[in-house]
Amino acid sequence: MNQAASILQGILAGLGAALLMLTALIVRRYLRYEARLHARVVKRWRPMLARAAIEEGEQPLPRLPHRHLPYVMGEWSALQDAIRGVSSDRLNAVAARLCSNGYASSNDPSRRCRLCQNARPAWIQRRTCGSR
C-alpha cells in the first residue's frame, strides 16, 4: 500500500508541475501579446496626439477600440504632463472627442468615459467630459 501511495504522489507531483509550467507559458504568451498590442497602439496614437496638441483645428481621429483605451490613456496623460497652455487645452478637446465617439459621458458616474474619469484629476474631468 505504501508503494502505491508513493507512485500516486509522484504522478500528482508531475501533473502539478506540468500544470504550473503550462500556466507560466500561457501567462508569458499573454504578456507578449499585450506588449505587441501596446507597441502597435502607441505607434498609431502617439503621432496623432502630438499633432493634435501642436496644430490648430480638429484632427481626424479613428475609432478607439475599448482594449486600446488604457494605452491611449497612458500616452495622453504623458503628453498632457509634458505640455502647457493652449496645447493642453487641445489635448483636452481630443479627450472630449474620444469620449463622444463611443465612450460618451453620462449622468451616471459609473458609466462615464474612462479616459476622462481615470486619467486626470477632477478639474480636468470637468473640462473634458462636462462631468460634475
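The values are calculated or read from the model by the stated rules, or taken from the named source; none is laboratory data. Fair warning: this is a prediction, and the values are worked out from it, not measured in the lab. So basically every Cβ, Gly included, is an ideal-geometry build from the backbone, and we count neighbours across all protein chains shown.
Give the residues of the stretch 31-68 that are over 19 Å from the mean Cα position of the chain (by Cα) and not aliphatic (A, V, I, L, M), sorted by residue number. Walk me through it before giving the result.
At the first step, the residues of the stretch 31-68 found to be over 19 Å from the mean Cα position of the chain (by Cα) are 51-60.
Listed by number, the residues that qualify are Arg51, Glu55, Glu56, Gly57, Glu58, Gln59, Pro60.
I need the helices (runs of 4 or more DSSP H) fully contained in the stretch 51-132, keeping only those with at least 1 residues that are surrounded by fewer than 20 Cβ atoms within 10 Å (Cβ to Cβ) and at pLDDT 85 or above.
Hits in the stretch 51-132: 69-82, 86-100.
Taking the stated definitions as given, is Arg46 touching a residue at least 24 places away in the same chain (Cβ under 8 Å), basic (Lys, Arg) and not in a helix (DSSP H, G or I)?
Criteria not met by Arg46.
Consider only pairs whose beta carbons are under 7 Å apart and that are at least six residues apart or on different chains; among these, list those whose first residue lies in the stretch 72-96 and is under 13 Å from Ile54 (Cα atoms) and whose second residue is buried (at least 19 other Cβ atoms within 10 Å of the Cβ) and β-branched (Val, Ile, Thr).
As it stands, the answer is Asn92/Thr128, since those pairs meet every condition given.
Kindly provide the set of residues from the stretch 31-50 that are among the hydrophobic types (A, V, I, L, M, F, W, C) and surrounded by 12 or more Cβ atoms within 10 Å (Cβ to Cβ), ordered by number. Before the answer, list the steps.
So in the stretch 31-50, the residues among the hydrophobic types (A, V, I, L, M, F, W, C) come out as 31, 35, 37, 39, 41-42, 45, 48-50.
Within the stretch 31-50, Leu37, Val41, Val42, Trp45, Met48, Leu49, Ala50 meet the criteria.
On the basis of being in a helix (DSSP H, G or I), on the phi < 0 side of the Ramachandran plot, surrounded by 10 or more Cβ atoms within 10 Å (Cβ to Cβ) and within 16 Å of the chain's Cα centre (by Cα), does Arg28 make the cut?
no
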